[in-house]
Amino acid sequence: MRAAQLALIAYLLMPTLHGQGKVSVLFQSDAQWYLEDEVLDPTGEFYPDEEFLGQGHALITYKSGDFTAGFRYENYQNVMLGFPTGYRGEGIAYRYAQWQQGDWNFTVGNYYEQFGSGLIFRSYEERGLGLDNAMDGVRLIGDLGNGLQIKAVMGRQRLYFATGEGVLRGVDLGWDLTQPFPKLSDKGIYANIGASFVSKFQRGYDPILNLPNNVGAWAIRGDVSKGLWNWSSEYAYKINDPSYDNGYIYRPGQALISTLTFAKKGFGLLLSGKRIDNMSFRSDRNAQQFDLFVNFLPSNTTPHLYALPSLYPYATQINGEQGGQVEVSYQLPRGSRLGGKYGTLFVLNASIAQSIDKQALDDGSMAQAGSMGYQSDWLKAGEVPYFQDINASWSRKYSRSYKTMLTFYDLRYNKTVLIDGVGDAVILDSPNMDSVIHVQAVVWENQFRLANKQTLRSEIQLALADGYRGDMAMGLLEWTISSNWTLAAQDIYNYGHPTPSRRLHYPIVSVIHFNGPTRFQVGYGRQQQGVFCVGGVCRVVPPSNGLSISITSSL
Amino acid sequence: MKQFLSLCLLTFSLTVVSQGLPDVTIQTLKKQSIKASELTHDGPMVVSFWATWCKPCISELDAMADYHEDLVADANLRMVAISIDNARTSARVAPFVASRGWNYDVYIDANSDLRRAMGVNNVPHTFLLNAQGEIVWESNRYVPGEEEVLVEQIEALAHNEKLKLNRGKIIRGQSTQQ
């Protein structure tokens, strides 16, 4: 198999020898030398078996005319702490060939794809989190004319260096209505509608449960823009899909997301709401953690930009949640008396997420394997609060050499659900075990322009919490010496941790060097235990102390 | 393994700098699908990959906003901002951009197809293309002050483009006379 892959690569490179086509390379390598820290990790619970762990990848892409092919070599020797331990060894984990023929695009091998907003199908990668559920199979994308586009996919999903058991087949139709009805755009109206269907096949073997071999899911969506307004919605439905996630119940899944925005120069408004009920969808019903997700259920909260508020992240509760978000942003105009020369920006954001209504079935059972699980009323809210975030920021640039930003946060964070992973039913049975942490935080950021094109950026952060991590303060200084060199130092002091022995400092110093497209970063210090998120997906990061090295480059 | 490394070395040695934007579908803020390869300009064009959750990206685009109007007028600049926000945050992009007063051409690459095709590992990542669609400069970071480097590159490119244009006119003029 490996010989065949190498032969394919060599074949793909042949035209390059003759000056045809183009090759691009993307490279990243990360490593960490771990030091034992008896204060941070007294029992050595998190200390790895090896002092030095490293991983990396290189994506090599060849393109010639309408033909593209590429592969990604990955190595984990061994995988770094906090990444999924399923990544072991090295090999070519991603390879594909793609060509365009008229209005049709064909892909064989690995590919990433998304239907609508991903409620029933999204294959994607987040390398920073170690997430990759690339499809391995075939894909067809075609333009049918009059604004109608079709996508068809078939294959299995990547599971580390193998593929999952389930086979996925899906089709998506999207229709840009302004093409068959040009009068719409004449009136300033842009409208799209779409529908998709995905089927999962996995044989069911269970002595007690009659597991479905095929699970189907469908979704419809619409998007309309007129003038400064935009409204976008998607509804998804999945037939019964007993799985590890839902406790092997037979209840169908549903999801609805709707968003309204208004965007005018100097003013922005966003209103969104969503409801998710039993929508975990994986290509293996027994998969856990981040493995083999077929769909993507976005959370309705805003990712935080600063370190201390980011210690309280939110990710969608796939078995059920409802919530909403509102964001208003306004810029006092540049040159106005109040706005100053460069304008002043205010942003207010509020979001909430909580459980959905869940009632016992008519026979009195609740969430029992093999049953329909529970009953739920769309018009009723659940009783378990998951997350609430109200934050407001003010930012102003006073001159070319000084700008500042101040942000306040008021968070309610259900640690029992979001960190400990306890389900609603358990909490409702024992209401006193629910631990909702109230966090109030403030961040003040300043940026100064110094002589010789140097800059100094500082952050002062304070987070006061009535439990869990307790009170914390943080200071950061980032000194850009030149366009090639940056030095940064920060310290988080967890001075109010409920356990006195955990009232620790977490200092980190880093040096970043840029050389053309190559970026080197060396850091040394303590990383506290927490949850690291990118784009709404999170993973738990264990505490560590040591020297980290990261190199990124492209050609 | 040796074979593989040899192939990698061969690949590196044969590397040709990529040109123009790939033939990948992205979306406008009105959710209209377009091919990135259709994004062309008869002068310097900046293509900046960013996200609403990326602090350095926002700082960079904020910083460039101070120069944008002048660069459009003086250097014939087209500024394109490609958001890699996924379904969680992509709806924020339009109000986010509007409230900051950014006058850039903003598109959404919700599943990172263009990002992958252009070899972008992390954001921010900024490319500068000439009128022929060739990438003449790129940067995979933003640190305060970096915008001045980009502005210098844009101005230098615009100056060269003008020289080329004038040279072309002169040559064409001579050939006409001959």
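Below are the figures for this structure:
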{"item": "Criterion: buried (at least 19 other Cβ atoms within 10 Å of the Cβ), free of Cβ contacts under 8 Å to residues at least 24 places away in the same chain and among the charged types (D, E, K, R) - qualifying residue of A:R95, A:R72", "result": "A:R72"}
{"item": "Top-ranked residue in the stretch B:76-87 [being within 12 Å of chain A (Cβ to nearest Cβ) and small (G, A, S); ranked as farthest from B:E38 (Cα to Cα)]", "result": "B:A87"}
{"item": "Within the stretch A:411-462, considering residues that are aromatic (F, W, Y) and either within 14 Å of another protein chain (Cβ to nearest Cβ) or surrounded by fewer than 17 Cβ atoms within 10 Å (Cβ to Cβ) (or both), the one farthest from B:V151 (Cα to Cα)", "result": "A:W444"}
{"item": "Residue that is modelled with pLDDT of 95 or more and either within 21 Å of A:T301 (Cβ to Cβ) or more than 10 Å from chain A (Cβ to nearest Cβ) (or both), where the choices are B:I108, B:I34", "result": "B:I108"}
{"item": "Pick from the stretch A:111-125, criterion touching a Ser or Thr at 6+ places or on another chain (Cβ under 9 Å) and not in a loop (DSSP other than H, G, I, E, B), ranking: surrounded by the fewest Cβ atoms within 10 Å (Cβ to Cβ)", "result": "A:E125"}
{"item": "Residue match in the stretch A:138-148 (condition: in contact with a helix residue (DSSP H, G or I) (Cβ under 9 Å, 6 or more places away or on another chain), without any contact (Cβ under 8 Å) to a residue 40 or more places away in the chain and among the small types (G, A, S))", "result": "no"}
{"item": "Wholly within the stretch A:463-555, strands (runs of 3 or more DSSP E) carrying at least 3 residues that are within 11 Å of chain B (Cβ to nearest Cβ), in contact with a strand residue (DSSP E or B) (Cβ under 9 Å, 6 or more places away or on another chain) and surrounded by 19 or more Cβ atoms within 10 Å (Cβ to Cβ)", "result": "A:544-554"}
{"item": "Residues within the stretch A:16-54 that are of a type in the set (S, T, N, Q), in contact with a strand residue (DSSP E or B) (Cβ under 6 Å, 6 or more places away or on another chain) and more than 14 Å from chain B (Cβ to nearest Cβ), tallied", "result": "1"}
{"item": "Scan of the stretch B:88-102 for residues that are at the interface with chain A (Cβ under 8 Å from one of its Cβ atoms) and either touching a Cys at 6+ places or on another chain (Cβ under 6 Å) or surrounded by fewer than 20 Cβ atoms within 10 Å (Cβ to Cβ) (or both), ordered by number", "result": "B:G101"}
{"item": "Any pair with Cβ under 8 angstrom, 6 or more apart, that starts in the stretch B:95-118 at a residue that is over 13 Å from B:I84 (Cα atoms) and free of Cβ contacts under 8 Å to residues at least 24 places away in the same chain and ends at one that is among the hydroxyl-bearing types (S, T, Y) and surrounded by fewer than 21 Cβ atoms within 10 Å (Cβ to Cβ)", "result": "B:S99/A:Y330"}
{"item": "Residue ID - farthest from B:H159 (Cα to Cα), chosen from residues in the stretch B:19-50 that are part of a strand (DSSP E or B) and under 12 Å from the mean Cα position of the chain (by Cα)", "result": "B:W50"}
{"item": "In the stretch A:54-80, the residues that are farther than 11 Å from A:Y94 by Cβ and basic (K, R)", "result": "A:K63"}
{"item": "Some residue of the stretch A:404-415 being in a strand (DSSP E or B), more than 17 Å from A:L311 (Cβ to Cβ) and not aliphatic (A, V, I, L, M)", "result": "yes"}
{"item": "Inter-residue pairs, beta-carbon under 8 Å, first over 16 Å from B:N76 (Cα atoms) and within 12 Å of chain A (Cβ to nearest Cβ) and in the stretch B:120-145, second assigned to a loop (DSSP other than H, G, I, E, B) and of a type in the set (F, W, Y), 6+ apart", "result": "B:P124/B:Y142; B:T126/B:Y142"}
{"item": "In the stretch A:266-300, the residues that are within 14 Å of another protein chain (Cβ to nearest Cβ), surrounded by fewer than 23 Cβ atoms within 10 Å (Cβ to Cβ) and not small (G, A, S)", "result": "A:F267, A:L269, A:L271"}
{"item": "B:E152 being surrounded by fewer than 21 Cβ atoms within 10 Å (Cβ to Cβ), more than 30 Å from A:S123 (Cβ to Cβ) and modelled with pLDDT of 85 or more", "result": "yes"}
{"item": "Single residue of the stretch A:316-340 satisfying the filter (β-branched (V, I, T) and farther than 12 Å from A:L269 by Cα) that is nearest to the chain's Cα centre (by Cα)", "result": "A:T316"}
{"item": "Residues of the stretch B:70-94 satisfying the condition of being part of a loop (DSSP other than H, G, I, E, B) and in contact (Cβ under 8 Å) with a residue 40 or more places away in the chain", "result": "B:N76, B:L77"}
{"item": "Failed item in (1) modelled with pLDDT under 95; (2) among the acidic types (D, E); (3) touching a helix residue (DSSP H, G or I) at 6+ places or on another chain (Cβ under 9 Å), with A:D377 passing the rest", "result": "(3)"}
{"item": "Unique residue being in contact (Cβ under 8 Å) with a residue 60 or more places away in the chain and of a type in the set (K, R) when the list is A:R449, A:R469, A:R519", "result": "A:R469"}
{"item": "Residue tally, condition among the hydrophobic types (A, V, I, L, M, F, W, C) and either over 14 Å from the mean Cα position of the chain (by Cα) or within 8 Å of chain A (Cβ to nearest Cβ) (or both), over the stretch B:52-69", "result": "5"}
{"item": "Top-ranked residue of the stretch A:223-265 - restricted to ones that are of a type in the set (G, A, S), more than 10 Å from every other protein chain (Cβ to nearest Cβ) and closer than 17 Å to A:S196 by Cβ, ranked as surrounded by the fewest Cβ atoms within 10 Å (Cβ to Cβ)", "result": "A:S233"}
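Residue by residue, here is whether (1) within 30 Å of A:I492 (Cβ to Cβ); (2) touching a residue at least 60 places away in the same chain (Cβ under 8 Å); (3) among the aromatic types (F, W, Y) holds:
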position: A:Q325; (1), (2), (3): yes, no, no
position: A:V347; (1), (2), (3): yes, no, no
position: A:S355; (1), (2), (3): no, yes, no
position: A:L361; (1), (2), (3): no, no, no
position: A:Q375; (1), (2), (3): no, no, no
position: A:D389; (1), (2), (3): yes, yes, no
position: A:S393; (1), (2), (3): yes, no, no
position: A:K397; (1), (2), (3): yes, no, no
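The values are calculated or read from the model by the stated rules, or taken from the named source; none is laboratory data. Since the model is a prediction, treat every value here as computed from it, not as a measurement. Using ideal geometry, Cβ is built from the backbone for each residue, glycine included, and neighbour counts are taken over all protein chains shown.
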